[in-house]
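The values are calculated or read from the model by the stated rules, or taken from the named source; none is laboratory data. Computed from a prediction, not measured in an experiment: that's the story for all the values here. Glycine also receives a Cβ, built like all others from the backbone with ideal geometry; neighbour counts cover every protein chain displayed. Calculation scope for accessible area: heavy atoms of the full protein, side chains included, ligands and nucleic acids excluded. Shrake-Rupley method; radii C 1.70, N 1.55, O 1.52, S 1.80 Å.
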Amino acid sequence: MTTVYIDTVFVLNGILDYLLLLSTARLAAAPFQRLRLALGALLGAGYAVLVFLPGCGIFARPVFRLVAMLLMTLTAYGARRGSLRLTVLFLALSCVLAGILMMVSLFWQVSLSYPQGIPSSGMDWKALLLAGAVCYWLSSTVLKRLVPHHGRELLPVKLRWADRQVGLTALTDSGNLLTDPAGSGPVLVAEWQKVAPLLPLEPRITKDDVADPIRGLARLSDGWGEGRLHLLPYHGIGVSHGLLLAVRVDSAVLDKQVIHRQLVALSPEHLSDGSYQGVIGIAHSGTGGTV
């Protein structure tokens, strides 16, 4: 008879599920939020505990496992195009990880058992930490080398100008090559409506200013101060040579990282269905870029 410790089951499966969800998002290059990944992992850990409770053994059946997995991926990634692909990839990585953890347990001769098909290590914290290390190595090293891109992540952003500030959500995307001509740092492309409350009221920016950047620069630059407004060249799908009206704010806080004098390019159109309002890439050399 195998003795199972509920607290260890919860912690171990929470760690494994979080790293599997993170690995799935990175491998699929899908946008993700770490809080949602954590909620999905907690759901998986709760299910792992449920099957060991008295009278709940029925939930270990394959149909309930499938339901739990679907709920985990929906919680972690949301309902979106490609949800089925993410779920299948999560299942595949789970199978691969189960085999790797079994090999690790045999190699190190640690107690790692699977009662009810759920990873459990009793009170053997060596096995717990070893399993977590293997998962982290798998997601941060192996997958990073196998896949030429990194996963896209949704990050909170706060923009500041004088005593005003606005918040938005930005998608990190290595395909966005727009860089700041003054410092070669990445440019944040943001929906102009989200940035507008940050900007001076006189003269007030309008959609026409953003849609016609040359007109906007001529009309707004004198009232906003020297060095605040710029024209940023770019090219993208269907646009060989384009211009974006860009504004230099006092600072930007991207996921707790402070960037002074951040250049923000104003998009006249919505960038997503509402899940994010900005896009930022990684630093590249050059004076223009691709969006």
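For GLN262, the amide hydrogen comes within under 5 Å of the amide hydrogens of VAL249, SER251, ALA252, counting only partners 5 or more places away or on other chains and with H modelled in the peptide plane.
The 1.4 Å probe gives accessible areas that order PHE52, PHE90, PHE64, largest first, as PHE64, PHE52, PHE90. For a Förster distance of 30 Å, can you work out the FRET efficiency between the beta-carbons of ASP208 and ARG228, rounded to the nearest 0.05? Rounded to the nearest 0.05, the efficiency is 0.95.
Put simply, the Cα atoms of region 3-79 extend 39, 24, 17 Å along their principal axes, the longest span coming first. Annotation: amide H-H contacts under 5 Å for SER267 (H modelled 1.01 Å from N, sequence separation of 5 or more, or interchain): ALA190, GLU191, TRP192. Computed from the Cβ-Cβ distance with R0 of 22 Å, the FRET efficiency linking MET103 to ASP7 stands at 0.30. When each of the peptides 222-233, 258-269 is scored by how many other beta carbons lie within 10 Å of its residues on average, the order from highest to lowest is 258-269, 222-233.
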